[in-house]
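**Student:** Input: one structure, supplied below.
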Amino acid sequence: MNNTPGQEWLDGQILVFDKPYQWTSFYLVKKVRSALEQRYGLKKLKVGHAGTLDPLATGLMIIVTGKATKRIDALQAGEKEYFATIRLGATTPGFDLEKEIDEVFPFEHITSEMIAAALKNMTGEIDQIPPVYSAKKIKGMRAYEKARRGEYQELEPKRVQINEIEFLGYTPPDVRLRIVCSRGTYIRAVARDLGLMLGSGAHLTALRRSRSGEFTIDNALIFEDFLKQLF
């Protein structure tokens, strides 16, 4: 019998966290790894995540340890569900709140009926152009790294599947949506495309991932509670 402290984490565990606002996905992984290594005196524990969330997004992140990291590809392949708030009438470079507004557009002409009609044309299998501020690689460099250096380059479209967009409400200029989609879908790009279809501009002001595959936010851990359980 192996009595190595923390052996279950080395053998592999799957955890579901509720990522806080402004934390990067890497930072959450780093915090979980550090806590487990400290608690069990492990010199090096492999920890990874199954699906990146932008720093300004919150919600479900799957964290895997030890041998379970071999399952990352399978885990992140699951269908995703998001709740998003999109603001019409303005764009930002990354189509979220990370950068300041760079252009404003009229939005007073937009009605709920127009939004509902546009959304009907945004589901199914589509070729989506990722935002220039994204983690897509261009010749070995992340797109956001090139963009931050002032080297803007439109990325190649990527085939994604948007299974459902539920229109939850419109309080001008804000649109609230529930989106069910495949891995690799950029909700910031959904915001951009909705603005274009409505003859305006748009950017994402809030995003929360509520489901990934079989895992839901209802059973997600808060990091502070995870620490209390460990120590």
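Readers should treat all values here as calculations from the given coordinates under stated rules, not as data from a laboratory. From a predicted model like this one, the values you see are computed outputs, not experimental measurements. No Cβ is skipped: glycine too gets one built from the backbone with ideal geometry, and neighbour counts run over all protein chains shown.
**Student:** If the cut-off is 14 Å between C-alpha atoms, which aspartates and glutamates fall inside it for Lys70, apart from same-chain ones fewer than 8 positions away?
**Tutor:** Asp11
**Student:** Right, next: Between Leu168 and Arg183, with labels modelled 7 Å along Cα→Cβ, what's the label distance in nm to one decimal, could you check?
**Tutor:** If labels sit at Leu168 and Arg183, their model points lie 2.5 nm apart.
**Student:** Remind me, relative contact order of the chain in percent, using alpha carbon pairs under 8 angstrom and six or more residues apart? Walk me through the numbers on the way to the answer.
**Tutor:** Values: 480 pairs, mean separation 64.1, N = 231.
Across the chain, relative contact order equals 28 percent.
**Student:** Something else: So how strong a dipole does the chain carry about its Cα centre when Lys and Arg Cβ are +1 and Asp and Glu Cβ are -1, to the nearest 20 debye? It would help to have the intermediate numbers written out before the result.
**Tutor:** Numbers: 33 positive and 29 negative charges, 240 e Å.
Dipole magnitude for the chain comes out near 1160 debye.
**Student:** For the pairs Lys30/Lys99; Lys30/Lys67; Lys19/Lys228; Lys19/Lys44; Lys19/Lys99, flag any whose C-alpha to C-alpha distance is greater than 19 Å.
**Tutor:** Numbers: Lys30/Lys99 25 Å; Lys30/Lys67 17 Å; Lys19/Lys228 17 Å; Lys19/Lys44 23 Å; Lys19/Lys99 21 Å.
The pairs that break the limit, which is 19 Å between Cα atoms, are Lys30/Lys99; Lys19/Lys44; Lys19/Lys99.
**Student:** Where does each of Arg159, Arg211, Arg178 land when they are ranked from fewest to most other beta-carbon atoms within 10 angstrom? The partial results should precede the final answer.
**Tutor:** Details: Arg159 10, Arg211 17, Arg178 14.
Sorted ascending by nearby Cβ count, the order is Arg159, Arg178, Arg211.
**Student:** Same structure again: What list of ³J(HN,Hα) couplings, whole Hz, do you get for segment 193-207 from phi and the Karplus terms 6.51, -1.76, 1.60, once you set θ to phi - 60° and write x for glycine and proline?
**Tutor:** My calculation for segment 193-207 gives 5, 5, x, 5, 5, 9, x, 8, x, 7, 8, 7, 10, 7, 8 Hz in order.
**Student:** Right, another one. For Phe231, Phe223, Phe26, Phe107, what ranking results if the residue with the fewest other Cβ atoms within 10 Å of its Cβ goes first?
**Tutor:** Values: Phe231 8, Phe223 16, Phe26 12, Phe107 19.
Result, fewest neighbours first: Phe231, Phe26, Phe223, Phe107.
**Student:** So what's the angle, to the nearest 10 degrees on a 0 to 90 scale, between helix 25-40 and the longest Cα principal axis of the chain?
**Tutor:** 10
**Student:** If you don't mind, there's one more thing I want to ask. What's the FRET efficiency of Ile101 with Glu79 using the Cβ-Cβ distance as r and R₀ = 41 Å, to the nearest 0.05?
**Tutor:** Once the sixth-power term is evaluated, E becomes 0.80.
**Student:** Still on this structure: With all distinct Cα pairs included, what does the Kirkwood hydrodynamic radius of segment 1-47 come out to in Å, to one decimal, could you say?
**Tutor:** Values: mean 1/r = 0.0853 Å⁻¹.
Kirkwood hydrodynamic radius for segment 1-47: 11.7 Å.
**Student:** Further, regarding this structure: Applying 1/(1 + (r/R0)^6) with R0 = 41 Å to the Cβ-Cβ distance of Gln229 and His109, what FRET efficiency is obtained, to the nearest 0.05? Walk me through the intermediate numbers first.
**Tutor:** On the way: r = 53 Å, r/R0 = 1.28.
Efficiency computed from Cβ-Cβ geometry: 0.20.
**Student:** Could you tell me how many cubic angstrom of Cα convex hull volume the chain has per residue? Numbers along the way, then the final one.
**Tutor:** Details: hull volume 31.9 nm³, N = 231.
Hull volume normalised by residue count: 138 Å³.
**Student:** Could you give the nm distance between label points at Ala116 and Thr24, where each point is 7 Å from its Cα heading toward the beta carbon?
**Tutor:** It is 4.3 nm.
**Student:** Same structure again: Rank these for me by crowding, Asp174, Asp102, Asp127, going from fewest to most other beta carbons within 10 Å.
**Tutor:** On the way: Asp174 15, Asp102 12, Asp127 9.
Listed from fewest to most nearby Cβ atoms, that is Asp127, Asp102, Asp174.
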